[in-house]
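J.: The structure's right below; bear with me while I get my questions together.
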Amino acid sequence: GGSGWRSEHTHQRMARAAQRTLVRGEHLLLIGSDCPVLTASHLRDAAGALQPGTAALIPTFDGGYALLGLATMQPHLFTDMPWSTADVARITLDRLAQVGVQVHLGAKVHDVDTLADLDHLPHSLRVHCATLHAAAIAPKT
């Protein structure tokens, strides 16, 4: 049929998910699947900080964010954004400030966009990733 999710960009899917969730009066946490260091504690803290007129954001060291929490729809966060650049978190915070939204800002975390980013993971995750990588490239017998 028509345009499936595969033809959409990530920011379009994020905006659609935000709209669907927030229109029902629920709060929203958008999290990156490339940030294995996010914990249940991060999620609880961000969710607990969400009230009308607030948002939550956990920035990443590369300038993006690993978590964005919203209590109300903020469509300006999903349009005309230089995605995948070092400016995303800063611009997001600027745009929220411009409309008077107070932000619960979490500590920066490392996400995994490149092989070198694996060096920032806790040792236990690095060992697990190395094991998965070795299994993936091992010759099939």
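J.: Looking at ALA97, ALA136, can you tell me which residue is modelled with pLDDT of 95 or more and either not charged (D, E, K, R) or not in a helix (DSSP H, G or I) (or both)?
T.: Working: ALA136 fails: modelled with pLDDT of 95 or more.
It is ALA97.
J.: What residue, of THR92, THR60, THR54, THR79, is open to solvent by 50 Å² or more (accessible area, probe 1.4 Å) and not aromatic (Phe, Trp, Tyr)?
T.: Values: THR92 fails: open to solvent by 50 Å² or more (accessible area, probe 1.4 Å); THR60 fails: open to solvent by 50 Å² or more (accessible area, probe 1.4 Å); THR54 fails: open to solvent by 50 Å² or more (accessible area, probe 1.4 Å).
Going through THR92, THR60, THR54, THR79 in turn, just one is open to solvent by 50 Å² or more (accessible area, probe 1.4 Å) and not aromatic (Phe, Trp, Tyr): THR79.
J.: Within region 30-42, work out how many residues are open to solvent by less than 60 Å² (accessible area, probe 1.4 Å) and either among the polar types (S, T, N, Q) or closer than 21 Å to PHE78 by Cα (or both).
T.: Selection size over region 30-42: 5.
J.: Please verify whether region 53-62 includes one or more residues that are without any contact (Cβ under 8 Å) to a residue 24 or more places away in the chain and under 14 Å from ALA107 (Cα atoms).
T.: Going residue by residue through region 53-62, those that are without any contact (Cβ under 8 Å) to a residue 24 or more places away in the chain are none.
No, every residue in region 53-62 fails to be without any contact (Cβ under 8 Å) to a residue 24 or more places away in the chain and under 14 Å from ALA107 (Cα atoms).
J.: Residue by residue through region 104-127, note down the ones that are open to solvent by less than 50 Å² (accessible area, probe 1.4 Å), among the aliphatic types (A, V, I, L, M) and at pLDDT 85 or above.
T.: Scanning region 104-127 gives a single hit, VAL109.
J.: Have a look at THR92, THR72 and point out the one that is at pLDDT 90 or above and under 15 Å from ILE31 (Cβ atoms).
T.: Values: THR72 fails: under 15 Å from ILE31 (Cβ atoms).
Step by step, each of THR92, THR72 is checked, and only THR92 is at pLDDT 90 or above and under 15 Å from ILE31 (Cβ atoms).
J.: Output yes when any residue across region 73-82 is in contact (Cβ under 8 Å) with a residue 60 or more places away in the chain, in a loop (DSSP other than H, G, I, E, B), out of contact with any Phe, Trp or Tyr (no Cβ under 8 Å at 6 or more places or on another chain) and more than 18 Å from HIS11 (Cβ to Cβ), and no when none is.
T.: no
J.: Taking the residues in region 83-94 that are without any contact (Cβ under 8 Å) to a residue 24 or more places away in the chain and assigned to a loop (DSSP other than H, G, I, E, B) as candidates, determine which candidate is nearest to THR21 (Cα to Cα). Outline the logic, then answer.
T.: Pass one, region 83-94, residues without any contact (Cβ under 8 Å) to a residue 24 or more places away in the chain: 84-85, 91, 94.
Subset that is assigned to a loop (DSSP other than H, G, I, E, B): 84-85.
Numbers: SER84: 24, THR85: 27 Å.
My answer is SER84.
The values are calculated or read from the model by the stated rules, or taken from the named source; none is laboratory data. Remember, it's a predicted structure, so these values are computed and weren't measured experimentally. All Cβ positions, even for glycine, are placed from backbone atoms using ideal geometry, and neighbour counts span all protein chains on display. SASA here: full protein model, heavy atoms, side chains in, ligands and nucleic acids out. Shrake-Rupley method; radii C 1.70, N 1.55, O 1.52, S 1.80 Å.
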